[in-house]
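Let me begin by presenting the structure, written as structure tokens, before commenting on it.
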Amino acid sequence: MRLTILGGGGFRVPLVHGALLADPDHRVDELRLHDPDAGRLAAVVAVLEQQAAGAVRPPRILVAPTLDDALRGTDVVFSAMRVGGVRGRTVDERVALDLGLLGQETTGAGGVAYALRSVPASLEVARRVAALAPGAWVINFTNPAGVVTEAMQTVLGDRVVGICDSPVALARRAMRVLGLEPGETTVDYVGLNHLGWLRGLHSGGTDHLPRLLADDRLLERTEEGRLFGAPWLRALGAVPNEYLFYYYFTREAVASLRAAGQTRGEFLRDQQEAFYAEVARSPADALATWRRVRAERDATYLQEARAEGEARDELDLEGGGYEGVALALMRALGGGAPAELVLDVRSAGAVPGMPHDAVVEVPCTVDAGGPRPHPVAEPEGHMLGLMQSVKAVDRLVIEAVLERSEAAALEAFALHPLVDSVTSARALLDAHLAQTPEVADLFR
């Protein structure tokens, strides 16, 4: 099998490669990497070559100089692009924070800006896949994953599947403290990408989630219990995805982000610049350098939502994140054993109250025919209202890109639940037109 990774110079690519090395069936024999930044790509290739040392039947690594070279005849595409680079992320965060709004990568104003960069590039990828590899499956990591997946489906239909490790990690944490076996537990989860709720964990004919919600000691052992607090989780009767912290505790999140010395994007910019430079100086130590930097990166994830000095749970830093979801999905699509995964797919009636063609994040059964979303119980009013509101913003972003409509982009910013006024929306869009070349080019 030929696997293409777009964004092949990305810092997380070695995670996918490591999962390929651990695959006992060695399904992928050719790994194609494409990235517009040759320096970053060379550093990642050095990491991969050292990671593969001594491995049994490691996939052949092919550096593809052009997008067409990467896609022609491939079987699976992992789209993991960061359009605008980390610099774009820092602009997204700072522009919002300077206006007193949430400055976060995929949520709120930052997510709208990121989508305005990601969607045009992703649509071009979809068009080239249709021309050069029409039978390929596209597994989308590119953020914001929900809106990007929905945009790519306008070209490729259901052969585009979005993935995220957050729902899997959330369910895994809850099952671990409850002593449940993942293979014997059915997950009830509903939402959009970075906006969803764990509503049930069914095993042996019993929903065990109420047992978790009723026990402060068990909740304290989960990231979400510490993040949201037991009283709020009991009020919801569900466990939210960690990104809902930005909706439920907006004031506290903004205050924490504004008080920090640097944004998450600025931290990653400095860290990654140092990483790539260090590997360029000492390529023989590329793998050791990557492992050290990865540990630092993981330990500081969502730091603004934790108490001062609170470290992330060691068990939550273990592997098996999005790369594990991606490989399980790829195996099932390739004819392996069917898999049960939470994915970003077209609703097709699975979520009552959401448009039929809206991309939602729900449990699915996956086999060679593709993912089939499980019908879920209707979300509670507050859940459905938030999902519909954010989905409307997603669709305005897609309209802005397809129609090259500045008015639709303004509406997307203004109607997001985390943007407080049309005046703020106008200021956001003006700032991105001035500071973000990709956004400015979109409306020229």
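The values are calculated or read from the model by the stated rules, or taken from the named source; none is laboratory data. What you see is a predicted model, and the numbers here were worked out from it, not measured in a lab. Positions of Cβ are backbone-derived with ideal geometry, glycine not excepted, and every protein chain shown enters the neighbour counts. Calculation scope for accessible area: heavy atoms of the full protein, side chains included, ligands and nucleic acids excluded. Shrake-Rupley method; radii C 1.70, N 1.55, O 1.52, S 1.80 Å.
Annotations for the structure displayed:
- Verdict on GLU278 being at pLDDT 95 or above, surrounded by 16 or more Cβ atoms within 10 Å (Cβ to Cβ) and in a strand (DSSP E or B): no
- For region 38-56, a residue qualifies if it is surrounded by 16 or more Cβ atoms within 10 Å (Cβ to Cβ) and among the charged types (D, E, K, R), and exactly one does: ARG40.
- Whether a residue is crowded, with 21+ Cβ neighbours inside 10 Å, farther than 30 Å from LEU329 by Cα and of a type in the set (A, V, I, L, M) was assessed, and LEU429 passes this test.
- Against the numbered list (1) under 22 Å from the mean Cα position of the chain (by Cα); (2) among the basic types (Lys, Arg); (3) at pLDDT 95 or above, ARG404 comes up short only at (1).
- Residues located in region 1-14, provided they are in contact with a helix residue (DSSP H, G or I) (Cβ under 9 Å, 6 or more places away or on another chain) and under 24 Å from ALA126 (Cβ atoms): MET1, LEU3, THR4, ILE5, LEU6, GLY7, GLY8, GLY9, GLY10, ARG12, VAL13
- Of the residues making up region 30-41, not a single one is within 16 Å of GLY334 (Cβ to Cβ), within 23 Å of the chain's Cα centre (by Cα) and assigned to a loop (DSSP other than H, G, I, E, B).
- Answer residue from region 197-210, given it is hydrophobic (A, V, I, L, M, F, W, C) and in a strand (DSSP E or B) and is farthest from the chain's Cα centre (by Cα) among those: LEU201
- Of the strands (runs of 3 or more DSSP E) lying entirely inside region 92-196, the ones with 1 or more residues being surrounded by fewer than 24 Cβ atoms within 10 Å (Cβ to Cβ) and hydroxyl-bearing (Ser, Thr, Tyr) are found at 186-192.
- Scanning region 375-410 for residues that are outside any helix (DSSP H, G or I) and crowded, with 17+ Cβ neighbours inside 10 Å gives VAL376, PRO379.
- Residue match in region 175-192 (condition: over 26 Å from ALA358 (Cα atoms) and at pLDDT below 95): yes
- Every listed requirement among (1) more than 26 Å from GLY54 (Cα to Cα); (2) modelled with pLDDT of 95 or more; (3) surrounded by fewer than 19 Cβ atoms within 10 Å (Cβ to Cβ) is met by GLY334 save one, (2).
- Residue satisfying all of: in region 57-72; open to solvent by less than 30 Å² (accessible area, probe 1.4 Å) and in contact (Cβ under 8 Å) with a residue 60 or more places away in the chain; farthest from the chain's Cα centre (by Cα) among these: ALA64
- So ARG82, is it on the phi < 0 side of the Ramachandran plot and either in contact (Cβ under 8 Å) with a residue 60 or more places away in the chain or of a type in the set (Val, Ile, Thr) (or both): yes
- Number of the condition not met by GLY229 [criteria: (1) free of Cβ contacts under 8 Å to residues at least 12 places away in the same chain; (2) open to solvent by 40 Å² or more (accessible area, probe 1.4 Å)]: (2)
- Residues satisfying the stated conditions in region 9-27, i.e. without any contact (Cβ under 8 Å) to a residue 60 or more places away in the chain and either crowded, with 23+ Cβ neighbours inside 10 Å or in a loop (DSSP other than H, G, I, E, B) (or both): GLY9, HIS17, PRO24, HIS26
- Residue count, region 77-91 (criterion: outside any helix (DSSP H, G or I), within 23 Å of GLN262 (Cα to Cα) and out of contact with any Gly (no Cβ under 7 Å at 6 or more places or on another chain)): 2
- Residue within region 45-56 that is farther than 16 Å from LEU67 by Cα, acidic (Asp, Glu) and assigned to a helix (DSSP H, G or I) present: yes
- So THR74, is it in a helix (DSSP H, G or I) and of a type outside the set (A, V, I, L, M): no
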